[in-house]
Every structure is written in structure tokens, then in C-alpha cells.
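So the structure is just underneath, and the comments pick up after that.
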Amino acid sequence: MNGNAAILYITHNRLWLSRLTLPHLLESGGYEGYSVTVVDNASTDGTREWLASLSHPRLASILLNDSNLPLRDVTNRFWASNSGAEFVGKVDNDTLMPVGFIGQATKALRNPVKIGAAGAMHFDPLDVASVDTSAYAHNLRRLPNGRQVLLQRHLGGCCYLMRHSVVAKLGPMENAGYLKGGWTEYQWRALKDGYAHAYLYPFMFAKHFDDPDFQLSVSGSGGSLPVKLLQAPEFRANERDAVRKLLTTDSVSAMLESYRIR
């Protein structure tokens, strides 16, 4: 275990994305004490051979699975094997992490305020900017160390960090519920236990290449870079509506208080 923030990075084919996002993750966390564990879910496109060629001091291990295991199972194993870490998190292989995110997330989490997960914003910056700050000011909080966050009921799972002590208290993701124990249901469990989730604020934007609002056109042979993003116009209104609903959610503090009273 190299450091006290352990990051999970899962691959299943899509080598061209891993070539773009994994080197960036290893170099751009903005925090000395973090390591990355790569778990490959039975890739067949050359991903495993490429991973075997990598060497980096932050690359803790590369684990190879014989099948494409559910996110729940991979995450639970990762959490269990990193019980000595202060923080655990995940960055998806289709996500370009904001530069300095890990360092800023640890600052937000090292506070007496009960925050479950701290995340990067993965929506388009222009769509986020279309929502006036006054519409979500009720959920903005300045933490005791001066770091600001936007409290939320749940975050996107493509780029987040959380204290391992929260995982130890809540336990593993369960194979139950509508989403079969996925990340969203796990966050609802944390919320009911008194943990709000938080986007770092001012927002740190991740580029999530697999969002349904985008169509990917890859130029070059074999899916090599550079990558050109083409946004389908019919999704624009839907995305802006989703962003507005996300940012202007009811008071998270009031929701937590209602759970406490129950």
C-alpha cells in the first residue's frame, strides 16, 4: 500500500481510453500519498499487454479477473484489501480526472463535518454555468478549514473519494435493491446514516467520455488518439434539465435532520 489514499481504476477493453486517462491519473492527483490499483475485467483488446508494460511508483498493483465482474464485487474487494488506507476512491477509465482532485478532496474530507463521498463535477461546464448560483446557494457550505463544497444526496460515481472509516461503518455494497447494490444505493445508505455527499466547490470538472450526452468519434487507426467529441444536439436540453435538477435539489441539511429525527 503506497500512501494513504487508495484509488480504484477498472478496465474492460477500451484501451484507447486507458491510454488517455490512466497516465493522467498517475501524475495529476495533486497529493503525495496516493496509489492506484488497476483491476482488469477480462479485456481482450490489448489492454492487458499494455498494462503489463507500465511502471510507475504510484501504481500499487494490477489485478486480472477472468470475467467482467460487477462493479459491486470489484469495489468490495478493493475496499477490503485497502482497510489501512485513510481514503478510498475510484476514477473510471472513461474519465479524465481534474488536475489536483485527490489533494482537494482530502482537504474536504478532513473536517468534522460528516461527508460521505467528495466528487468531481462530470457535467458540461457550460450546462452548469447556465444555472445561477443563487439557485443552489442553500446547499453550499464552507467547511472549518475554509474549503467550500456543494452538499448533495448523491454524486456521479466516475470520480470520487471517501474516508475508509465511512466504508467500515456502512459495510460493503449489498446485492439487494433496485440497482442491486450499486453506487447510488450505497450513497442513499450513507445519507440515511447522516452522511451528506459533496461536490468540491468551485467545481472541479472531470471529463466523462462515456456520458450518454456525447457521441465519440475516434480518429486514427485502431482507435488511437486524438479524440474528437461530438455532442448530439437533441441531448443538450435533456442535459441542462438534469443539471438544473441536480444543483437545485432541496436542502440536504434538512433531509439529514429528518432522518435523524426518525
Once normalised by the length of region 1-63, the mean sequence separation of its alpha carbon contacts under 8 Å that are 6 or more apart gives a contact order in percent of 45
Listed with the fewest Cβ neighbours within 10 Å leading, ASP250, ASP73 appear as ASP250, ASP73
For the pair ALA52 and ASN68, the simple spin-label estimate (label points 7 Å beyond Cα toward Cβ) gives in nm 2.2
re region 105-173: pairs of Cα atoms spaced beyond 21 Å account for a percent value of 30
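The numbers here are math on the coordinates, done by the rules we state, and not lab data. Note that the structure is a prediction, hence the values are computed from the model and not measured. Don't worry about glycine lacking a Cβ; one is built from the backbone with ideal geometry, like all the others, and counts go over all protein chains shown.
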